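Okay, structure first, notes after.
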């Protein structure tokens, strides 16, 4: 049973849900994800775990409505049961007590999956500097939770409506310009174009950066091959080899091209669902 315990709408398109999933909550570690199916005959939706409670038996998911499946999920309510909820999947983040600072970067909806990693690193005694960003202040999520999970928190918005004005990679470069010698590791999660930009910034200062990839995914066990990505010139499967990889080795251009592959079909599925449900 995977029952929706709590549902919150954080913006026009962003939702948070606490899902009753005791086994998943008990086994989950920072960096792992789940795959859910909202209703029978629905599609599988991979979502990185944003938070969890082993004692209370819940897992938090945060998602943005971008297509038919996420729209269907957003219309479910507290008390409803998901048709399928499988996890935890993927390899957990490789965390440890570093001697220097750790920089955590979350862009847009990517703030949600960066949260448990930052939280775990801080619990291990690390000095965690988090940079979170969104297009506007209205789309900025989990600021309070990220503040708790960080030693220092820097907020940025593209339009300057909150915090620093500019992209998170620009903030990263500013930080590395003065702190590079004190930084041991960087994590970045968000849209591929953002992770690519952050990786390029990290390269300028010869700093290792870890990114979390969320390509097209079906079964979550590596059998279908839909989630294949090129890392260091080799084919990897995000669902079993990842979702985290060395950003300097990821072929981001190929990843972005593959994510655009089914845009036409995704749009058609959304339109058909809206028409069927009287939402068009």
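The values are calculated or read from the model by the stated rules, or taken from the named source; none is laboratory data. As the structure is a computational prediction, the values presented were derived from the model and not from experiment. Because the Cβ atoms are built from the backbone with ideal geometry, glycine has one as well, and the counts that use them run over all protein chains shown.
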Could you go through region 140-153 and let me know if any residue there is at pLDDT 95 or above, assigned to a strand (DSSP E or B) and not assigned by TED's automatic domain parsing to the domain that holds residue 46.
yes
For the subset of region 2-19 comprising residues that are in a loop (DSSP other than H, G, I, E, B) and in contact with a strand residue (DSSP E or B) (Cβ under 9 Å, 6 or more places away or on another chain), which member is nearest to residue 78 (Cα to Cα)?
2
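Can you give me the number of residues within region 69-81 that are surrounded by fewer than 21 Cβ atoms within 10 Å (Cβ to Cβ) and touching a helix residue (DSSP H, G or I) at 6+ places or on another chain (Cβ under 9 Å)?
Taking region 69-81 first, the residues surrounded by fewer than 21 Cβ atoms within 10 Å (Cβ to Cβ) are 70-72, 74-81.
Add one more test, that the residue is touching a helix residue (DSSP H, G or I) at 6+ places or on another chain (Cβ under 9 Å), and what stays is 71-72.
Adding up the residues that qualify gives 2.
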When the residues of region 20-36 are narrowed to those that are part of a strand (DSSP E or B) and within 17 Å of the chain's Cα centre (by Cα), which ends up farthest from residue 81 (Cα to Cα)?
33
Among the residues of region 249-257, is there at least one that is touching a residue at least 40 places away in the same chain (Cβ under 8 Å), under 16 Å from the mean Cα position of the chain (by Cα), part of a strand (DSSP E or B) and within 20 Å of residue 113 (Cα to Cα)?
no
So, in region 33-64, how many residues would count as being surrounded by 19 or more Cβ atoms within 10 Å (Cβ to Cβ), touching a residue at least 40 places away in the same chain (Cβ under 8 Å) and touching a helix residue (DSSP H, G or I) at 6+ places or on another chain (Cβ under 9 Å)?
16
Would you mind finding the one in 207, 203 that is over 21 Å from the mean Cα position of the chain (by Cα), in contact (Cβ under 8 Å) with a residue 24 or more places away in the chain and outside any helix (DSSP H, G or I)?
207
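Of everything in region 154-195 that's part of a strand (DSSP E or B) and in contact (Cβ under 8 Å) with a residue 60 or more places away in the chain, which residue is nearest to residue 108 (Cα to Cα)? So that I can check it myself, show each step before the final result.
Keep residues of region 154-195 that are part of a strand (DSSP E or B), which gives 154-157, 164-165, 183-189.
So of that shortlist, the ones also in contact (Cβ under 8 Å) with a residue 60 or more places away in the chain come out as 183-189.
Values: 183: 23, 184: 24, 185: 21, 186: 17, 187: 15, 188: 11, 189: 9 Å.
The extreme case among them is 189.
Taking residue 245 as the residue in question, decide whether it is touching a residue at least 60 places away in the same chain (Cβ under 8 Å), within 22 Å of residue 105 (Cβ to Cβ) and not assigned by TED's automatic domain parsing to the domain that holds residue 112. Talk me through it step by step, then tell me what you get.
Values: touching a residue at least 60 places away in the same chain (Cβ under 8 Å): no; within 22 Å of residue 105 (Cβ to Cβ): yes; not assigned by TED's automatic domain parsing to the domain that holds residue 112: yes.
For residue 245, the condition - touching a residue at least 60 places away in the same chain (Cβ under 8 Å), within 22 Å of residue 105 (Cβ to Cβ) and not assigned by TED's automatic domain parsing to the domain that holds residue 112 - is not met.
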Considering only region 114-130, I want to know if a residue exists there that is part of a loop (DSSP other than H, G, I, E, B) and within 20 Å of residue 15 (Cα to Cα).
no
